[in-house]
Amino acid sequence: MFSDRRLKTDIRKVGETNDGVPIYTFRFKGSPVTQMGVMAQDVEKRQPCAVIDRGPYKRVRYDRLR
């Protein structure tokens, strides 16, 4: 699943991880379903090895998050 901020709407910060990465609720554009997670752009600042590019959009490798 993509984690790129540009694909999301109704973004609201609800907390942060132990190492300070913000956690948000959001909806993917065009979807009525609210989800929770991180933004690839935030993760990339602290843990660039946990973010990969898939075409024009970024994706978080959750298995690489600390």
Taking 8 Å as the Cα distance limit and 6 or more residues as the minimum spacing, I'd like the relative contact order of the chain as a percentage.
30
Net charge around LYS29, counting only other residues with Cβ within less than 14 Å of its Cβ (Lys, Arg = +1; Asp, Glu = -1)?
+2
Around ARG6, under 11 Å between beta carbons, what's the net of Lys plus Arg minus Asp minus Glu among the other residues?
+3
Size of the chain as Cα extents on the principal axes (Å, biggest first)
30, 29, 17
Return the carbon/sulfur percentage of the accessible area of the chain, one whole number, probe 1.4 Å, all protein chains in place.
51
Please sort 40-52, 8-20 by packing, taking for each peptide the average over its residues of neighbouring beta carbons within 10 angstrom, highest first.
40-52, 8-20
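The values are calculated or read from the model by the stated rules, or taken from the named source; none is laboratory data. Owing to the predicted nature of the structure, the values given are computational and were not obtained by experimental measurement. Cβ atoms come from the backbone with ideal geometry, glycine included; neighbour counts cover every protein chain shown. Surface accessibility is based on the protein's heavy atoms, side chains included, excluding ligands, DNA and RNA. Shrake-Rupley method; radii C 1.70, N 1.55, O 1.52, S 1.80 Å.
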